[in-house]
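The values are calculated or read from the model by the stated rules, or taken from the named source; none is laboratory data. This is a predicted model, so every value here is computed, not measured. Heads up, the Cβs are rebuilt from the backbone with ideal geometry, glycines too, and the neighbour counts pull from every protein chain shown.
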Amino acid sequence: MKKLCRFIILFLILVLVYISFKPVMKLIFPLKYKNIVLEYSEENDVDPLFIMSIIKAESNFNKDAKSNKGALGLMQVTPSTGEWIAEKLNEEIFEEDKLFDPDTNIRYGIWYINYLSNQFDGNLNLIIAAYNAGPGSVDKWLNDSSYSQNGEDLDNIPFVETDKYVEKVNFFYNIYKFLYR
């Protein structure tokens, strides 16, 4: 009888864990700023779940985030990149503080992801690496046989931070796809 009770209790615990897994994971991997992300993802032909993964990795959805390198907001756009994007978007005035505005930050970040996607033929690992280390670094690595055998993919990434970042964003992206597709 004791064995049966233990089995039933264990079974109930497993059922509870199974039932609550996705809801708990959705709390950890939310769809914050969903409407903004959806709007600009659609405009730029970018997967919104990929953008959620970038935001999760960059700022964990903290609109007031500021890195030690000066990157700002949800998608951690640097002021110099923000100014360049504003210029590309034909915006006459760029205000650094606007990078803390979720709409502006996400719009700029998604535009930049699309720009990188066009530059790197949609290769997610290259896009992620370029978002972190800059497209110039990725181009340099692709042209160096120590990092790329075929000039189209990276066999290894010389910046430890960027290598970990690529893994992190891919991990988050897989979780987002599992939870929301």
In the range 45-82, the residues that are closer than 18 Å to GLY134 by Cα, surrounded by 15 or more Cβ atoms within 10 Å (Cβ to Cβ) and without any contact (Cβ under 8 Å) to a residue 12 or more places away in the chain: THR78
Any hit, the range 23-32, residues being assigned to a helix (DSSP H, G or I), out of contact with any Cys (no Cβ under 8 Å at 6 or more places or on another chain), β-branched (Val, Ile, Thr) and without any contact (Cβ under 8 Å) to a residue 60 or more places away in the chain: yes
Residue list for the range 121-168, filter: of a type in the set (A, V, I, L, M) and either farther than 22 Å from ILE110 by Cα or out of contact with any Phe, Trp or Tyr (no Cβ under 8 Å at 6 or more places or on another chain) (or both): LEU142, LEU154, ILE157, VAL160, VAL166
Matching residues in the range 151-181 - criterion: being of a type outside the set (Lys, Arg), in a loop (DSSP other than H, G, I, E, B) and surrounded by fewer than 19 Cβ atoms within 10 Å (Cβ to Cβ): GLY151, GLU152, ASP153, ASP155, ASN156, PRO158, PHE159
Single residue of the range 101-150 satisfying the filter (acidic (Asp, Glu) and not in a helix (DSSP H, G or I)) that is farthest from ASN35 (Cα to Cα): ASP144
Tally of residues being over 17 Å from the mean Cα position of the chain (by Cα) and either of a type in the set (Phe, Trp, Tyr) or loosely packed, with under 12 Cβ neighbours inside 10 Å (or both) across the range 119-143: 4
Where LEU10 falls short, out of the listed (1) loosely packed, with under 10 Cβ neighbours inside 10 Å; (2) at pLDDT 80 or above; (3) more than 22 Å from SER59 (Cα to Cα): (1)
Residues (of a type in the set (Lys, Arg) and under 23 Å from PHE120 (Cα atoms)) located in the range 28-86: LYS56
